[in-house]
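Some notes on the structure that comes next.
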Amino acid sequence: MQGLYCDEDGMDMCMFMQNTLTRLMRLPLISVALVQGKAFGGGAELTTACDFRLMTPGSEIRFVHKHMGLVPGWGGAARLVQIVGSGAALQLLSGTARVDPEKALRLGFSEQTLSSSDETRALEEARAWLSQYTEGPVSVIRAMKKVVTAGRELPLEDALRTEKDIFGTVWGGPANLEALVRRPKHK
C-alpha cells in the first residue's frame, strides 16, 4: 500500500494502465464491457476502452476520481469525451454522477440495457447481442475494426489512406469472392 503514495509508482501504474487499456481498445476484434453491479473509478475507465457497453438492471458506472482527489489517469477521460462529448464528460467527471442504465442510454454511453441481472443469463444475452456484429468472416471483422480505429485515431487524410489500404486487403479475398458467388441482395 505504501508504494501507492510514491509519485513514481503512481506514474508507473498510470502508464501501465493507459498502455493496457489502449491495447484493449486497439485489439483487432470487437469488444464489449458487460456492466453488472458497480463499475467505479478504474472500472469506469475500463468500460471506455471497449467498443460497446451493455448494462444490466441495477448496474451503475461512476467516475469517482474527484472524491479521491484525482482525475482519471488511465485514459478514461479522453475516451469518455470521444464517446459522450465534452460537456457530458465534464458533468460525469466533475459531478461524479451516478450513471444508471437509463442515463447511459440517453448519453450514448451504453448500447443496451439487458433484461436480466442474473450473471449467467446476462452473459448469454450479451453474447447474443454481440453476435450481430461478430458473425461473418473474421478477416472482414478485423478489417472493419481497423478502419474504425484509424478513423477515430488518425487525421482524416491518414485515416482515408489506411481505409484504402485495408480495402485492398479484402477486395478479391476469399470472403469477397464467396459473397460475389452468393450474389446477396442488399436490403
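The values are calculated or read from the model by the stated rules, or taken from the named source; none is laboratory data. Bear in mind the structure is a predicted one, so any value in this text is a computation, not a measurement. Because the Cβ atoms are built from the backbone with ideal geometry, glycine has one as well, and the counts that use them run over all protein chains shown. Protein only, heavy atoms only, side chains kept; ligands, DNA and RNA dropped before computing areas. Shrake-Rupley method; radii C 1.70, N 1.55, O 1.52, S 1.80 Å.
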Quick check: anything in the range 82-90 touching a residue at least 40 places away in the same chain (Cβ under 8 Å) and closer than 17 Å to Pro57 by Cα?
-> no
Note down all Cβ pairs under 7 Å where the first residue falls in the range 147-172 and is among the basic types (Lys, Arg) and modelled with pLDDT under 95, the second is open to solvent by 80 Å² or more (accessible area, probe 1.4 Å) and assigned to a helix (DSSP H, G or I), and they're at least six residues apart or on different chains.
-> Arg152/Gln82
Would you be able to tell me the number of residues in the range 146-171 that are surrounded by 10 or more Cβ atoms within 10 Å (Cβ to Cβ) and either in contact with a Leu (Cβ under 7 Å, 6 or more places away or on another chain) or not aliphatic (A, V, I, L, M) (or both)?
-> 14
List pairs: first in the range 25-45 and in a strand (DSSP E or B), second among the charged types (D, E, K, R), Cβ under 6 Å, 6+ apart or cross-chain?
-> Ala33/Arg53; Lys38/Glu60; Phe40/Arg62
Checking Gly136 against (1) at pLDDT 95 or above; (2) more than 12 Å from Ile30 (Cα to Cα), the condition it does not meet = (1)
Scan the range 58-81 for residues that are out of contact with any Lys or Arg (no Cβ under 6 Å at 6 or more places or on another chain) and either small (Gly, Ala, Ser) or in contact (Cβ under 8 Å) with a residue 40 or more places away in the chain (or both) and jot them down.
-> Gly58, Ser59, Ile61, Gly69, Gly73, Trp74, Gly75, Gly76, Ala77, Ala78, Arg79
List the helices (runs of 4 or more DSSP H) that sit entirely inside the range 60-122 and contain at least 1 residues that are hydroxyl-bearing (Ser, Thr, Tyr).
-> 86-94
